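So the structure is just underneath, and the comments pick up after that.
The values are calculated or read from the model by the stated rules, or taken from the named source; none is laboratory data. Owing to the predicted nature of the structure, the values given are computational and were not obtained by experimental measurement. Cβ placement follows ideal geometry from the backbone for every residue including glycine, while neighbour counts extend to all protein chains displayed. Just the protein is used for accessible areas: all its heavy atoms, side chains included, with ligands, DNA and RNA removed. Shrake-Rupley method; radii C 1.70, N 1.55, O 1.52, S 1.80 Å.
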Amino acid sequence: MVLFAGFLLEIIAFFSPKTKLFVEGRKVVFLVLEQKIKPTDKTIWFHAASLGEYEQGLPVIEKIKEQFPAHKIVLTFFSPSGYEVRKNNTVADVTVYLPLDSKKNAQQFLKLVHPDLVFFIKYEYWPNYLAELKKLNIKTYLVSGILRKNQLFFKWYGGFYREALDAFTYFFVQNETSKKLLQQLGKTDVAVSGDTRFDRVATILEKDNSLDFISDFKNNTITIVVGSSWPKDEDLIVNFIDSNTLNIKFIIAPHNIKEEQIQQLKNSITKKTVLFSEKEEQNLADFDVFIIDTIGILTKIYSYADIAYVGGGFGNPGVHNVLEPATFGVPIIIGPNYSHFAEAIALVNMDACVAVANQKELDEALENLIRNADIRNEKGHMCSTFVQMNKGATAIILKNILHD
(Lines give C-alpha, C1' and ligand atoms only; values in the text may rest on other atoms or scores of the structure.)
Protein backbone atom coordinates (compact mmCIF):
# COMPACT_ATOMS: atom_id res chain seq x y z
CA MET A 1 0.00 0.00 0.00
CA VAL A 2 2.76 2.45 0.96
CA LEU A 3 4.76 1.49 -2.14
CA PHE A 4 1.71 2.18 -4.30
CA ALA A 5 1.16 5.53 -2.54
CA GLY A 6 4.81 6.45 -3.18
CA PHE A 7 4.45 5.58 -6.87
CA LEU A 8 1.23 7.61 -7.13
CA LEU A 9 2.89 10.61 -5.44
CA GLU A 10 5.75 10.48 -7.98
CA ILE A 11 3.19 10.90 -10.77
CA ILE A 12 1.21 13.65 -9.00
CA ALA A 13 4.51 15.51 -8.36
CA PHE A 14 4.75 16.29 -12.07
CA PHE A 15 1.61 18.43 -11.77
CA SER A 16 1.73 19.70 -8.18
CA PRO A 17 4.59 21.86 -6.82
CA LYS A 18 3.63 21.01 -3.23
CA THR A 19 3.63 17.27 -3.94
CA LYS A 20 6.96 17.67 -5.71
CA LEU A 21 8.45 19.13 -2.51
CA PHE A 22 6.89 16.23 -0.57
CA VAL A 23 8.48 13.65 -2.90
CA GLU A 24 11.85 15.29 -3.62
CA GLY A 25 12.45 16.22 0.03
CA ARG A 26 12.19 12.58 1.07
CA LYS A 27 14.78 11.34 -1.41
CA VAL A 28 17.70 12.77 0.59
CA VAL A 29 16.52 12.00 4.14
CA PHE A 30 18.65 8.92 4.81
CA LEU A 31 21.73 10.58 3.31
CA VAL A 32 21.24 13.64 5.55
CA LEU A 33 20.80 11.44 8.62
CA GLU A 34 23.98 9.47 7.81
CA GLN A 35 25.92 12.73 7.48
CA LYS A 36 24.57 14.46 10.59
CA ILE A 37 24.14 11.64 13.12
CA LYS A 38 27.01 9.46 14.24
CA PRO A 39 26.44 5.98 15.70
CA THR A 40 27.79 7.31 19.01
CA ASP A 41 25.44 10.32 19.16
CA LYS A 42 22.60 10.39 21.65
CA THR A 43 19.37 11.62 20.07
CA ILE A 44 15.76 12.53 20.85
CA TRP A 45 13.22 12.47 18.03
CA PHE A 46 10.20 14.76 17.67
CA HIS A 47 7.65 14.33 14.89
CA ALA A 48 5.17 16.99 13.76
CA ALA A 49 2.69 16.63 10.92
CA SER A 50 2.93 20.26 9.88
CA LEU A 51 3.55 23.81 11.04
CA GLY A 52 0.73 23.90 13.60
CA GLU A 53 1.95 20.76 15.33
CA TYR A 54 5.52 22.08 15.33
CA GLU A 55 4.37 25.27 17.07
CA GLN A 56 2.40 23.12 19.49
CA GLY A 57 5.39 20.97 20.33
CA LEU A 58 7.92 23.79 20.50
CA PRO A 59 7.66 24.44 24.28
CA VAL A 60 8.32 20.74 24.94
CA ILE A 61 11.21 20.61 22.45
CA GLU A 62 12.83 23.62 24.11
CA LYS A 63 12.47 22.21 27.64
CA ILE A 64 13.66 18.74 26.64
CA LYS A 65 16.67 20.34 24.97
CA GLU A 66 17.47 22.13 28.25
CA GLN A 67 17.15 18.89 30.24
CA PHE A 68 19.16 16.76 27.78
CA PRO A 69 21.91 19.08 26.46
CA ALA A 70 24.11 16.16 25.35
CA HIS A 71 21.42 14.83 23.00
CA LYS A 72 20.88 15.87 19.40
CA ILE A 73 17.31 16.88 18.63
CA VAL A 74 15.96 15.29 15.45
CA LEU A 75 12.79 16.91 14.08
CA THR A 76 10.69 15.39 11.32
CA PHE A 77 7.75 16.79 9.36
CA PHE A 78 5.19 15.00 7.25
CA SER A 79 3.95 18.04 5.30
CA PRO A 80 5.85 20.51 3.08
CA SER A 81 3.87 23.37 4.67
CA GLY A 82 5.66 22.55 7.93
CA TYR A 83 9.08 21.52 6.67
CA GLU A 84 9.57 24.30 4.10
CA VAL A 85 8.69 27.02 6.62
CA ARG A 86 10.68 25.63 9.57
CA LYS A 87 13.54 23.67 7.95
CA ASN A 88 15.99 26.31 9.18
CA ASN A 89 14.75 26.37 12.77
CA THR A 90 17.32 26.77 15.54
CA VAL A 91 15.83 24.38 18.10
CA ALA A 92 16.62 21.08 16.29
CA ASP A 93 20.04 19.78 15.29
CA VAL A 94 18.61 17.86 12.33
CA THR A 95 15.36 18.66 10.49
CA VAL A 96 14.08 16.35 7.75
CA TYR A 97 10.92 14.96 6.18
CA LEU A 98 9.62 11.72 7.69
CA PRO A 99 10.02 8.94 5.10
CA LEU A 100 6.76 7.24 4.16
CA ASP A 101 5.47 4.71 6.66
CA SER A 102 6.80 1.41 5.34
CA LYS A 103 8.42 -1.27 7.47
CA LYS A 104 11.71 -0.88 5.59
CA ASN A 105 11.74 2.92 5.95
CA ALA A 106 10.89 2.70 9.66
CA GLN A 107 13.71 0.23 10.30
CA GLN A 108 16.28 2.26 8.35
CA PHE A 109 15.20 5.56 9.90
CA LEU A 110 15.37 4.25 13.46
CA LYS A 111 18.70 2.53 12.82
CA LEU A 112 20.20 5.86 11.71
CA VAL A 113 18.52 8.03 14.37
CA HIS A 114 18.60 5.48 17.26
CA PRO A 115 16.63 7.80 19.61
CA ASP A 116 16.46 7.44 23.39
CA LEU A 117 13.10 9.23 23.53
CA VAL A 118 10.43 9.86 20.89
CA PHE A 119 7.60 12.40 20.84
CA PHE A 120 4.66 12.43 18.43
CA ILE A 121 2.75 15.71 18.53
CA LYS A 122 -1.07 15.88 18.64
CA TYR A 123 -2.32 13.15 16.29
CA GLU A 124 0.23 11.54 14.04
CA TYR A 125 0.09 7.74 14.27
CA TRP A 126 2.29 5.81 11.81
CA PRO A 127 1.78 2.06 12.48
CA ASN A 128 5.08 0.81 11.02
CA TYR A 129 7.16 3.38 12.89
CA LEU A 130 5.23 2.70 16.10
CA ALA A 131 5.57 -1.07 15.71
CA GLU A 132 9.33 -0.70 15.26
CA LEU A 133 9.59 1.61 18.28
CA LYS A 134 7.74 -0.94 20.38
CA LYS A 135 10.01 -3.74 19.14
CA LEU A 136 13.09 -1.69 20.06
CA ASN A 137 11.56 -0.79 23.45
CA ILE A 138 12.11 2.95 22.91
CA LYS A 139 10.15 5.29 25.19
CA THR A 140 7.53 7.00 23.04
CA TYR A 141 5.12 9.77 24.06
CA LEU A 142 2.07 11.45 22.56
CA VAL A 143 2.04 15.20 23.29
CA SER A 144 -1.14 17.32 23.30
CA GLY A 145 -3.09 14.39 21.91
CA ILE A 146 -6.72 14.59 20.91
CA LEU A 147 -8.84 11.47 20.48
CA ARG A 148 -12.25 11.46 18.80
CA LYS A 149 -14.87 8.68 18.54
CA ASN A 150 -14.78 8.75 14.73
CA GLN A 151 -11.08 7.79 14.57
CA LEU A 152 -10.02 4.40 13.22
CA PHE A 153 -8.99 3.20 16.69
CA PHE A 154 -12.64 2.99 17.68
CA LYS A 155 -13.96 1.22 14.56
CA TRP A 156 -14.53 -2.56 14.50
CA TYR A 157 -12.01 -2.80 11.65
CA GLY A 158 -9.39 -0.59 13.36
CA GLY A 159 -7.38 -3.34 15.06
CA PHE A 160 -4.17 -2.54 13.15
CA TYR A 161 -4.29 1.06 14.40
CA ARG A 162 -5.31 0.09 17.94
CA GLU A 163 -2.27 -2.16 18.06
CA ALA A 164 -0.06 0.79 17.05
CA LEU A 165 -1.10 2.62 20.22
CA ASP A 166 0.65 -0.08 22.27
CA ALA A 167 3.95 1.59 21.34
CA PHE A 168 3.24 4.65 23.48
CA THR A 169 4.82 4.73 26.91
CA TYR A 170 2.52 7.55 27.98
CA PHE A 171 -0.27 9.67 26.49
CA PHE A 172 -0.47 13.39 27.32
CA VAL A 173 -3.90 14.47 26.10
CA GLN A 174 -5.73 17.77 25.91
CA ASN A 175 -9.04 16.83 27.51
CA GLU A 176 -11.00 14.33 29.61
CA THR A 177 -12.84 13.00 26.54
CA SER A 178 -9.55 11.84 25.03
CA LYS A 179 -8.52 10.23 28.30
CA LYS A 180 -11.81 8.31 28.58
CA LEU A 181 -11.56 7.12 24.97
CA LEU A 182 -8.06 5.78 25.60
CA GLN A 183 -9.22 4.11 28.81
CA GLN A 184 -11.93 2.35 26.78
CA LEU A 185 -9.06 0.80 24.81
CA GLY A 186 -7.39 -0.30 28.04
CA LYS A 187 -4.79 2.48 28.16
CA THR A 188 -4.07 3.57 31.72
CA ASP A 189 -0.86 5.58 31.27
CA VAL A 190 -2.76 8.74 30.37
CA ALA A 191 -2.64 12.26 31.79
CA VAL A 192 -4.79 15.27 30.91
CA SER A 193 -2.01 17.81 30.54
CA GLY A 194 -3.86 20.35 28.40
CA ASP A 195 -2.62 22.00 25.23
CA THR A 196 1.05 23.01 24.98
CA ARG A 197 0.10 25.76 22.51
CA PHE A 198 -0.99 27.87 25.49
CA ASP A 199 2.57 27.66 26.81
CA ARG A 200 3.98 28.63 23.44
CA VAL A 201 1.75 31.69 22.97
CA ALA A 202 2.23 32.76 26.60
CA THR A 203 6.00 32.95 26.06
CA ILE A 204 5.49 35.21 23.02
CA LEU A 205 4.84 38.06 25.45
CA GLU A 206 8.41 37.71 26.75
CA LYS A 207 9.89 38.33 23.29
CA ASP A 208 10.55 41.53 21.37
CA ASN A 209 7.48 41.86 19.15
CA SER A 210 8.25 45.32 17.80
CA LEU A 211 8.20 46.02 14.06
CA ASP A 212 9.01 49.64 13.26
CA PHE A 213 7.31 49.59 9.86
CA ILE A 214 4.04 48.38 11.42
CA SER A 215 4.27 51.11 14.04
CA ASP A 216 4.82 53.66 11.26
CA PHE A 217 1.80 52.36 9.34
CA LYS A 218 -0.47 52.21 12.42
CA ASN A 219 0.39 55.80 13.36
CA ASN A 220 -1.72 55.67 16.57
CA THR A 221 -4.85 54.71 14.61
CA ILE A 222 -7.28 51.88 15.44
CA THR A 223 -5.95 48.93 13.45
CA ILE A 224 -7.69 45.71 12.44
CA VAL A 225 -5.35 42.81 11.71
CA VAL A 226 -6.69 40.13 9.38
CA GLY A 227 -4.57 37.01 9.86
CA SER A 228 -4.31 33.83 7.76
CA SER A 229 -7.17 34.92 5.51
CA TRP A 230 -8.62 32.94 2.63
CA PRO A 231 -10.47 34.41 -0.40
CA LYS A 232 -13.90 34.03 1.27
CA ASP A 233 -12.66 35.95 4.33
CA GLU A 234 -11.08 38.58 2.11
CA ASP A 235 -14.26 39.12 0.07
CA LEU A 236 -16.15 40.07 3.24
CA ILE A 237 -13.30 42.12 4.71
CA VAL A 238 -12.74 44.04 1.47
CA ASN A 239 -16.45 44.89 1.27
CA PHE A 240 -16.18 46.37 4.76
CA ILE A 241 -12.94 48.22 3.94
CA ASP A 242 -14.34 49.76 0.77
CA SER A 243 -17.67 50.80 2.30
CA ASN A 244 -16.74 52.14 5.74
CA THR A 245 -15.92 55.82 6.40
CA LEU A 246 -14.37 55.35 9.85
CA ASN A 247 -10.80 56.43 10.64
CA ILE A 248 -9.29 52.94 10.87
CA LYS A 249 -6.50 50.95 9.28
CA PHE A 250 -6.24 47.36 8.11
CA ILE A 251 -3.36 44.91 7.95
CA ILE A 252 -4.08 41.78 5.90
CA ALA A 253 -1.78 38.75 6.14
CA PRO A 254 -3.21 36.20 3.68
CA HIS A 255 -2.73 32.46 4.18
CA ASN A 256 -1.62 32.17 0.55
CA ILE A 257 0.92 34.73 -0.68
CA LYS A 258 1.07 33.79 -4.36
CA GLU A 259 1.75 36.94 -6.38
CA GLU A 260 -1.32 36.57 -8.57
CA GLN A 261 -3.68 36.30 -5.59
CA ILE A 262 -1.96 39.15 -3.75
CA GLN A 263 -2.37 41.46 -6.76
CA GLN A 264 -5.99 40.42 -7.14
CA LEU A 265 -6.58 41.26 -3.47
CA LYS A 266 -4.85 44.62 -3.78
CA ASN A 267 -6.79 45.53 -6.91
CA SER A 268 -10.10 44.78 -5.18
CA ILE A 269 -9.46 47.44 -2.50
CA THR A 270 -10.42 51.04 -3.25
CA LYS A 271 -8.61 52.50 -0.23
CA LYS A 272 -4.92 53.42 -0.43
CA THR A 273 -3.05 50.10 -0.20
CA VAL A 274 0.62 49.08 0.08
CA LEU A 275 2.29 45.66 -0.01
CA PHE A 276 5.05 44.54 2.36
CA SER A 277 7.23 43.95 -0.72
CA GLU A 278 6.71 47.58 -1.79
CA LYS A 279 7.15 49.24 1.59
CA GLU A 280 10.67 50.67 1.13
CA GLU A 281 10.87 54.41 0.45
CA GLN A 282 7.15 54.73 1.27
CA ASN A 283 5.55 56.91 3.93
CA LEU A 284 3.53 54.08 5.41
CA ALA A 285 1.41 56.38 7.55
CA ASP A 286 -0.25 57.62 4.34
CA PHE A 287 -1.82 54.22 3.60
CA ASP A 288 -5.10 52.71 4.83
CA VAL A 289 -4.38 49.05 4.07
CA PHE A 290 -1.14 47.09 4.43
CA ILE A 291 -0.99 43.66 2.75
CA ILE A 292 1.70 41.36 4.15
CA ASP A 293 2.97 39.30 1.20
CA THR A 294 5.60 37.48 3.26
CA ILE A 295 5.56 34.86 6.02
CA GLY A 296 6.85 34.62 9.57
CA ILE A 297 5.82 37.98 11.08
CA LEU A 298 2.07 37.63 11.70
CA THR A 299 2.54 36.85 15.40
CA LYS A 300 4.41 40.12 15.96
CA ILE A 301 1.86 42.02 13.87
CA TYR A 302 -0.93 40.84 16.19
CA SER A 303 0.74 42.80 18.99
CA TYR A 304 -0.27 45.99 17.15
CA ALA A 305 -3.90 44.95 16.63
CA ASP A 306 -6.85 46.64 18.29
CA ILE A 307 -9.13 44.01 16.71
CA ALA A 308 -8.17 40.71 15.06
CA TYR A 309 -10.03 38.81 12.38
CA VAL A 310 -8.64 35.26 12.16
CA GLY A 311 -9.29 33.61 8.80
CA GLY A 312 -10.21 30.09 7.74
CA GLY A 313 -13.59 30.00 9.43
CA PHE A 314 -15.51 29.99 6.15
CA GLY A 315 -13.63 26.93 4.90
CA ASN A 316 -12.84 23.37 5.88
CA PRO A 317 -11.47 22.26 8.38
CA GLY A 318 -11.99 25.76 9.77
CA VAL A 319 -10.51 28.70 11.61
CA HIS A 320 -6.76 29.22 12.04
CA ASN A 321 -4.89 29.96 15.27
CA VAL A 322 -6.90 32.25 17.57
CA LEU A 323 -4.44 31.93 20.47
CA GLU A 324 -1.80 34.24 18.99
CA PRO A 325 -4.01 37.36 18.98
CA ALA A 326 -5.61 36.21 22.25
CA THR A 327 -2.29 36.21 24.12
CA PHE A 328 -1.87 39.90 23.27
CA GLY A 329 -5.30 40.69 24.71
CA VAL A 330 -6.89 41.39 21.34
CA PRO A 331 -10.65 40.84 20.77
CA ILE A 332 -11.22 38.35 17.95
CA ILE A 333 -13.71 37.80 15.13
CA ILE A 334 -13.90 34.50 13.22
CA GLY A 335 -16.06 32.74 10.63
CA PRO A 336 -18.66 30.07 11.44
CA ASN A 337 -16.54 26.90 11.06
CA TYR A 338 -14.73 26.49 14.37
CA SER A 339 -16.33 23.37 15.90
CA HIS A 340 -13.09 21.32 15.67
CA PHE A 341 -11.10 23.84 17.72
CA ALA A 342 -11.61 23.70 21.49
CA GLU A 343 -9.91 27.04 22.13
CA ALA A 344 -12.13 28.83 19.61
CA ILE A 345 -15.25 27.22 21.09
CA ALA A 346 -14.20 28.31 24.58
CA LEU A 347 -13.49 31.90 23.52
CA VAL A 348 -16.82 32.17 21.68
CA ASN A 349 -18.67 30.75 24.69
CA MET A 350 -16.93 33.31 26.91
CA ASP A 351 -17.99 36.07 24.49
CA ALA A 352 -14.34 37.03 24.08
CA CYS A 353 -14.49 36.00 20.42
CA VAL A 354 -17.33 36.77 17.99
CA ALA A 355 -18.30 34.20 15.33
CA VAL A 356 -19.96 35.64 12.23
CA ALA A 357 -21.73 33.84 9.37
CA ASN A 358 -22.21 36.55 6.76
CA GLN A 359 -21.41 40.12 5.68
CA LYS A 360 -24.09 41.74 7.87
CA GLU A 361 -22.84 40.00 11.03
CA LEU A 362 -19.22 40.86 10.23
CA ASP A 363 -20.04 44.53 9.63
CA GLU A 364 -21.98 44.72 12.90
CA ALA A 365 -19.24 42.98 14.90
CA LEU A 366 -16.51 45.23 13.50
CA GLU A 367 -18.47 48.45 13.99
CA ASN A 368 -19.37 47.48 17.55
CA LEU A 369 -15.71 46.86 18.44
CA ILE A 370 -14.43 49.92 16.56
CA ARG A 371 -16.89 52.32 18.24
CA ASN A 372 -16.69 50.91 21.79
CA ALA A 373 -13.28 50.97 23.45
CA ASP A 374 -14.75 49.46 26.66
CA ILE A 375 -16.08 46.42 24.79
CA ARG A 376 -12.75 46.02 22.97
CA ASN A 377 -10.86 46.14 26.24
CA GLU A 378 -13.24 43.76 28.03
CA LYS A 379 -13.14 41.10 25.29
CA GLY A 380 -9.38 41.52 24.91
CA HIS A 381 -8.84 41.08 28.65
CA MET A 382 -10.91 37.87 28.60
CA CYS A 383 -8.74 36.58 25.74
CA SER A 384 -5.43 37.17 27.50
CA THR A 385 -6.77 35.77 30.79
CA PHE A 386 -7.93 32.63 28.96
CA VAL A 387 -4.39 32.01 27.68
CA GLN A 388 -2.78 32.61 31.07
CA MET A 389 -5.28 30.36 32.88
CA ASN A 390 -4.65 27.44 30.51
CA LYS A 391 -0.86 27.34 30.37
CA GLY A 392 1.16 24.72 32.21
CA ALA A 393 0.91 21.63 29.98
CA THR A 394 4.66 21.57 29.32
CA ALA A 395 5.46 21.46 33.04
CA ILE A 396 3.12 18.47 33.55
CA ILE A 397 4.73 16.60 30.64
CA LEU A 398 8.29 17.33 31.77
CA LYS A 399 7.58 16.35 35.36
CA ASN A 400 6.23 12.97 34.25
CA ILE A 401 9.02 12.22 31.78
CA LEU A 402 11.86 13.18 34.12
CA HIS A 403 10.42 10.98 36.88
CA ASP A 404 9.64 8.08 34.55
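Brief remarks on what is shown
- In the context of the full set of protein chains, residues of the chain present 48 Å² of accessible surface per residue (probe radius 1.4 Å, heavy atoms only).
- Placed amide H near Val190: partners under 5 Å, 5+ positions off or other chain: Phe171
- For Leu265, the solvent-accessible surface with a 1.4 Å probe is about 10 Å², rounded to the nearest 10.
- Protection proxy ranking of 29-35, 331-337 - average other beta-carbon atoms within 10 Å, highest first: 331-337, 29-35
- Portion, in percent, of the accessible area of segment 282-399 that falls on carbon or sulfur, probe 1.4 Å: 49
- The reciprocal of the average 1/r between distinct C-alpha atoms defines the Kirkwood hydrodynamic radius, which for the chain equals 22.8 Å.
- Amide H contacts for Ala355 (H built 1.01 Å from N in the peptide plane; partners 5 or more residues away or on another chain; cut-off under 5 Å): Ile334.
- Legend: residue pairs Lys38/Lys134; Lys38/Lys207; Lys65/Lys111; Lys218/Lys379; Lys87/Lys218; Lys63/Lys300, Cα-Cα distance threshold 30 Å; pairs beyond threshold, Lys38/Lys207; Lys87/Lys218.
- Karplus-based coupling profile of segment 280-295, in residue order and whole Hz: 5, 6, 9, 8, 4, 5, 6, 9, 9, 10, 10, 9, 8, 9, 8, 10, with θ = phi - 60° in 6.51 cos²θ - 1.76 cosθ + 1.60 and x standing for Gly or Pro.
- Residues whose amide H lies under 5 Å from that of Leu275, counting only those 5 or more places away or on a different chain, are Ile291; hydrogens are built 1.01 Å from N in the peptide plane.
- With Cα atoms, 0 to 90° folded angle of helix 17-26 axis to the chain main axis: 30
- Average Cα contact separation per residue, the chain, under 8 Å, 6 or more apart, as relative contact order %: 12
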